1. Does Glu61 satisfy the criteria of being at positive phi and acidic (Asp, Glu)?
2. Between residues in segment 102-119 that are touching a residue at least 60 places away in the same chain (Cβ under 8 Å) and on the phi > 0 side of the Ramachandran plot and residues that are open to solvent by less than 10 Å² (accessible area, probe 1.4 Å) and not in a loop (DSSP other than H, G, I, E, B), which pairs lie under 7 Å by C-beta distance while being six or more apart or on different chains?
3. I'd like to check something: does segment 60-77 contain any residue that is in contact (Cβ under 8 Å) with a residue 12 or more places away in the chain and closer than 19 Å to Lys4 by Cα?
4. Residue by residue through segment 111-131, note down the ones that are among the charged types (D, E, K, R) and open to solvent by less than 40 Å² (accessible area, probe 1.4 Å).
5. Would you check if there is a residue in segment 60-77 being over 13 Å from Tyr114 (Cα atoms), surrounded by 13 or more Cβ atoms within 10 Å (Cβ to Cβ), within 11 Å of the chain's Cα centre (by Cα) and not aliphatic (A, V, I, L, M)?
6. Kindly evaluate Ile82 against the criterion of being more than 19 Å from Thr9 (Cβ to Cβ) and not small (Gly, Ala, Ser).
Amino acid sequence: MGTKANFGTLRLTPGFDPSKTIVSGYTGGSYSLSTISNRDRDRNICVGYADPKPDHIVILEKDFGKLRFLVNSEGADTTILIQGPDDKTIRCGDDTGRKKDASYEGNYFKAGTYRVWVGIFNPGTRVNYTLSAQQP
């Protein structure tokens, strides 16, 4: 998978301002994210459809103990897949509580480059979204 993204790059350092980590994009494409991996490192299922090229690149300047990524699509049924910093480490997320917007929260993010896809359950469906990062 490439190192260029459809919608740009985020650089994060510990203590970042979450209000400055909001990027926009839109879903679309018919590439099944399960092609990258059926399950992630935590055994979460990887689902949804997106473009084969990552939507966003996230560069972590240092290691993070915990990070949260949130998709806001005004309630559309989105998914998220995060790959990196090597090709083998996969993290997948789907619904956030009762909301259909996707999220992923996890531990032990090593410094490096991560590729992020925001998917949707119906291939080719275009839905605008924002993606944000937080340190819980």
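1. In short, no.
2. That search, which allows pairs on different chains as well, returns nothing.
3. yes
4. Arg115
5. yes
6. Spelling it out, it is not the case that Ile82 is more than 19 Å from Thr9 (Cβ to Cβ) and not small (Gly, Ala, Ser).
The values are calculated or read from the model by the stated rules, or taken from the named source; none is laboratory data. Since this is a predicted model, take the numbers as computed values, not measurements. Positions of Cβ are generated from backbone atoms using ideal geometry, with glycine treated the same way; all protein chains shown enter the neighbour counts. Ligands, DNA and RNA are stripped out before the accessible areas are found, and what is left, the full protein with its side chains, is counted by its heavy atoms. Shrake-Rupley method; radii C 1.70, N 1.55, O 1.52, S 1.80 Å.
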